[in-house]
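**Q** Sharing a structure, written as C-alpha cells. Questions coming.
The values are calculated or read from the model by the stated rules, or taken from the named source; none is laboratory data. Owing to the predicted nature of the structure, the values given are computational and were not obtained by experimental measurement. Heads up, the Cβs are rebuilt from the backbone with ideal geometry, glycines too, and the neighbour counts pull from every protein chain shown. Just the protein is used for accessible areas: all its heavy atoms, side chains included, with ligands, DNA and RNA removed. Shrake-Rupley method; radii C 1.70, N 1.55, O 1.52, S 1.80 Å.
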Amino acid sequence: MSAAKTAITPTRHEDFPEWYQQVIKAADLAENSETRGCMVIKPWGYGIWELIQKQLDVRFKETGHQNAYFPLLIPLSYLEKEAEHAEGFATECAVVTHHRLEAVKDPETGKTKMIPTGELAEPYVIRPTSETIIGAAFARWVQSYRDLPLLINQWANVMRWEMRPRLFLRTAEFLWQEGHTAHESKAEAIKETEMIHRLYETFARDHLAIPVVPGEKTENERFPGADMTLTIEAMVQDKKAIQAGTSHYLGQNFSKAQNICFASREGGQEFAHTTSWGVSTRLIGTLIMAHSDDDGLVLPPRVATQQVIIIPVTPKEDSREAVLAACNALAERLRKKTSYHDDPIRVHVDNRDMQGGQKKWDWVKKGAPIRVEIGPRDIESRKVCVQRRDRAANEKEFMDKEEFLQTVPNILQDIHDSLLVKAREFRDANIHACTSLEDFHAHWSSENPGWLATPWAGTPEEEDELSKKHKIAIRCMPIKDAGLPEALLSAAAGACILTGKQSSPVAIWGRSY
RNA sequence: CGGGCUAUGGCGCAGUCUGGUAGCGCGCUACACUGGGGGUGUAGAGGCCGUGGGUUCGAAUCCCGCUAGCCCGACCA
C-alpha cells in the first residue's frame, strides 16, 4: 500500500479554500457547531489561542494596561450615540428582545415548545465590540486629568452576524481582546495607538512568524467612528490579504458622544481622546493559511499547543517497557531542564496503542514543530531520531540525546526563523511595484494576482471606483519602517497612478479575506 | 441578504429520476500476523436516511416549509 502523496486533499494549488478547511479538520482544531456561523474550538486549536492570549497579555501589562470585564449585552440606546459607529455595525447585530421562555404544549402533537415571552422595554445588542459600553464606564470613571490615562483591556467574545462565516476567519461569535484607552491629549492617544500597532506587528513576527505589513487604513477602510485606523496586513499563501489586527485613534468622537470629559490642568472641561485596538481568533486562521502545507498544519513553535512530540517505537514486546520509560524520562528532562522564550518546553509523549506510522502522520497533520522517535536501538546508542515539521515528512536526523537536550530551544527557534523567512520571501516575491494605470488594470485579471504597491493620491471616491472594479482594496498605506524591501518602495515611488500628483505616498492594493 | 449546490452510521459516498422500510469504502472494536511505520487477515459493533408537515396501503426516494453547510456576489476582524 503506497502512502497518499499528500496528507491533505485537495492541495493548496488545487483548491485553496477547501484545503484550508481540510487542514483544520485534519489537525483537529475546530468544527462548525449547530449554532449558525459559530464554531467549536477543540483542544488543539484552543491551546493556540491560550498561548496567544498569555503571551499578548504579558505585553499589554508591560505597557501599562489592566484587564477588566464589561457586560456582553449592550443597551440598544448606547449604540445609537455615535452615528457612524452605529451605522457601521447595524447590519450585523444580534438583538436580545425577551427575558424568559414559556412552555407551551401543542395539543395535537403533545410536544412542548418554548415560546419567548417577557418582552424587554429596551432591547439589548450582543456586543459586536465594546466601545459604547466601555465608554459609558469611562465617563463615570474620569473626572480629572489625574484619572488619565485610562488603560484598559478586555478578553472577551463578541458577536457579529456575518453572512458568510469561515472557521477562524469570520465566525458569528469570535474571541478577541479589545483595548480601550482614554487620554488627555491627541498626541498622547496617537502615541498609544502607534505603540500598540508596533506591538501587534512584532507579536505577529516574533510569536507567529508572520511578516505583516504595518500601515494606515484609508478613510474608506477605517473603523466606523475612528479618525485613524492602523492595521497589520498579512499575505497568506493564495496571495490574498488578511487584516490581522487593528489599532484605532478615535479622536474625541466617542468621548463627545458619551461625555467622557475631565477637568484639565488649566481648569476647563475637556473631552478625552480615546483609542481602541484588537486582535482575534482570526490570528489562528491567518497562521494556518500563512504556514501550513499539503501535509497539514504547520505551527510556529511559540504558539504550538505541544512543541515536542515523543513517539515511542516499540517493535518488540520485551523492550516496550524500557522504551516507554526512556520516552517519559526524556520528556521529564525537557520539561524541567529546558525552556524556550522563558517557558518550559511543552512535551507530549504519545503512548497511544496504535500504528507508529499513523501516529507520525497524525502529528504531521497537527503541525507539531518537533517529532522525536525513540526505539530500542536508540536507547542503546543514546540517540534520538529528530524530525522537524518545517522539513520533509520523511527527513530524520539521529542525534545524540544529550546534544538534543542542549539544542532543543535552538531547533525551535530555527523552525520559527525558517517559517518567517519563507513567509517573508513569499510575500516579497508577490508584491509588485506599479507606476502606471495601464499596468494596474492589467494586473488584476490573473487568478492569484498578489499585491500591488503604487503611488497614490486619489480621493476616497476614486479609490472606491478602482476597488469595486477589480474587487480589491487598499490594504494600507505602509508606515515608515514597515519592513518592506527598499527596492520595492523605490520602484513604487513617483506620481500617483491615477491623478499624476508627484511624489505621492505608497498604497498597497490586494484582494482580501 | 441575492444566485447556485448539498444534507444518508465518526468520515467520504451509492441508493432518490423508475416509492416497497438501507448499502459500499475508510475509520472503529476484538483476535492473529506484522513492526523506525500511515501494513495484512479474520470476525464484529454502529445509521431509520438534517428537520417539520403533506401525498400514499407503504417514502431516504414524490410535494411544500424550515434549518445548517459549501461556492459565487454585496458586507465585514
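**Q** How about A:LYS316: which lysines have a C-alpha closer than 26 Å to its C-alpha, ignoring those fewer than 8 places off in the same chain?
**A** Cα-Cα hits under 26 Å: A:LYS359, A:LYS360, A:LYS383, A:LYS396, A:LYS401.
**Q** Now for a separate question. Using the Karplus equation 6.51 cos²θ - 1.76 cosθ + 1.60 (θ = phi - 60°), what ³J(HN,Hα) coupling, rounded to whole Hz, does each residue of the range A:64-79 give in order, writing x for Gly and Pro?
**A** Listing the rounded values in order: x, 8, 10, 8, 8, 9, 10, x, 5, 9, 10, x, 3, 4, 4, 5 Hz.
**Q** Against the empirical 2.2 N^0.38 Å scaling, what ratio does the C-alpha Rg of chain A come to?
**A** Cα Rg divided by the expected 2.2 N^0.38 Å: 1.10.
**Q** Normalising by the residue count of the range A:274-344, find the relative contact order in percent from Cα pairs under 8 Å and 6+ residues apart.
**A** Relative contact order comes out at 16 percent.
**Q** Could you do me a favour and compute the accessible area per residue for the range A:186-259, 1.4 Å probe, result in Å²?
**A** That works out to 30 Å² for each residue.
**Q** Also: Quick check: at a probe of 1.4 Å, how many percent of the accessible area of the range A:1-68 sits on carbon and sulfur atoms?
**A** On the range A:1-68, the fraction of accessible area on carbon and sulfur atoms equals 49 percent.
**Q** Please work out the C-alpha center-to-center distance from the range A:324-349 to the range A:7-74 and express it in whole Å.
**A** For the range A:324-349 versus the range A:7-74, the Cα centre distance is 26 Å.
**Q** List the trypsin sites (Lys or Arg not before Pro) in the range A:1-96 that DSSP assigns to loop (not H, G, I, E or B) and whose Cβ has at most 15 other Cβ atoms within 10 Å. Which are they?
**A** Of the trypsin sites (Lys or Arg not before Pro), the ones in loops of the range A:1-96 whose Cβ has at most 15 other Cβ atoms within 10 Å are A:LYS5, A:ARG36.
**Q** Place +1 on the Cβ of every Lys and Arg and -1 on the Cβ of every Asp and Glu in chain A, take the dipole about the Cα centre, and give the residue among A:THR171, A:THR286, A:PHE398 whose Cα lies farthest towards its positive end.
**A** Towards the positive end, the residue furthest out is A:PHE398.
**Q** Taking all protein chains as present, what is the carbon and sulfur share of the accessible area of the range A:161-256, in % to the nearest whole number, probe 1.4 Å?
**A** 46 percent
**Q** Could I ask something else about it? In the range A:386-513, how does Rg compare with the Kirkwood Rh, expressed as the Rg/Rh ratio over alpha carbon atoms?
**A** Rg/Rh: 1.19.
**Q** Turning to a different aspect of this structure: Using packing as a proxy for protection, rank A:327-333, A:377-383 so that the peptide with the highest average count of other Cβ atoms within 10 Å comes first.
**A** Answer by packing, highest mean first, reads A:327-333, A:377-383.
**Q** Please give the net charge around A:ILE497, taking every other residue with its beta carbon less than 15 angstrom from that of A:ILE497, where Lys and Arg add +1 and Asp and Glu add -1.
**A** Combined, the nearby Lys, Arg, Asp and Glu give -3.
**Q** When you take every Cα atom in the range A:109-208, what is the radius of gyration, and what is Dmax, the widest Cα pair distance, in Å?
**A** Cα radius of gyration and Dmax of the range A:109-208 are 19.5, 67 Å respectively.
**Q** Report, by chain and number, residues whose modeled amide H sits under 5 Å from the one on A:TYR340, excluding near sequence neighbours (fewer than 5 apart, same chain).
**A** A:ILE345
**Q** Multiply the residue gap between A:GLU461 and A:ALA429 by 0.36 nm, knock off their C-alpha separation, and tell me the result in nm, one decimal place.
**A** Stretched fully, the A:GLU461-A:ALA429 segment lengthens by 8.5 nm.
**Q** Which pairs, out of A:LYS81/A:LYS501; A:LYS480/A:LYS501; A:LYS366/A:LYS422; A:LYS61/A:LYS336; A:LYS240/A:LYS480, put more than 30 Å between their alpha-carbon atoms?
**A** Beyond 30 Å: A:LYS81/A:LYS501.
**Q** Past 28 Å, Cα to Cα, is the threshold; run A:LYS365/A:LYS469; A:LYS217/A:LYS471; A:LYS365/A:LYS471; A:LYS42/A:LYS113 against it and keep the listed order.
**A** A:LYS365/A:LYS469; A:LYS365/A:LYS471; A:LYS42/A:LYS113
**Q** List the GluC sites (Glu not before Pro) within the range A:47-107 that DSSP assigns to loop and that have no more than 15 neighbouring Cβ atoms inside 10 Å.
**A** Passing both the DSSP loop test and the Cβ count: A:GLU80.
**Q** By the gyration tensor of its Cα atoms, with a ≥ b ≥ c the square roots of the eigenvalues, what is the shape of the range A:251-300: rounded for a/c under 1.5, prolate for a/b over b/c, or oblate?
**A** prolate
**Q** Right, here's the next one. What spacing in nm lies between the two simple spin-label points modelled at A:ASP353 and A:GLU380, each 7 Å away from Cα in the Cβ direction?
**A** It is 2.7 nm.
**Q** So with the 1.4 Å probe, I'd like the accessible area per residue for the range A:37-165, rounded to whole Å².
**A** On a per-residue basis, 56 Å².
**Q** Still on this structure, I have one more. Using Cα-Cα distances under 8 Å and only pairs 6 or more residues apart, what relative contact order does the range A:398-486 have, in percent?
**A** 22 percent
**Q** While we're on this one: If you place +1 on the Cβ of every Lys and Arg and -1 on the Cβ of every Asp and Glu, how big does the dipole about the Cα centre of chain A come out, in debye to the nearest 20?
**A** Value, rounded to 20: 1120 debye.
**Q** For the range A:187-324, take N as its residue count and report Rg(C-alpha) divided by 2.2 N^0.38 Å.
**A** 1.60
**Q** Give me the percent of the accessible area of the range A:457-513 that comes from carbon and sulfur atoms, probe 1.4 Å, all protein chains in place.
**A** The value for the range A:457-513 is 54 percent carbon and sulfur by accessible area.
**Q** Assuming 0.36 nm per residue, please report the length gained on full extension of the stretch A:HIS99 to A:THR9 beyond their Cα-Cα distance.
**A** Separation in residues times 0.36 nm, less the Cα-Cα distance, equals 27.7 nm.
**Q** Classify the range A:26-129: rounded, prolate or oblate, from the alpha-carbon gyration tensor (a ≥ b ≥ c, eigenvalue square roots; a/c under 1.5 rounded; otherwise prolate if a/b is larger than b/c)?
**A** oblate
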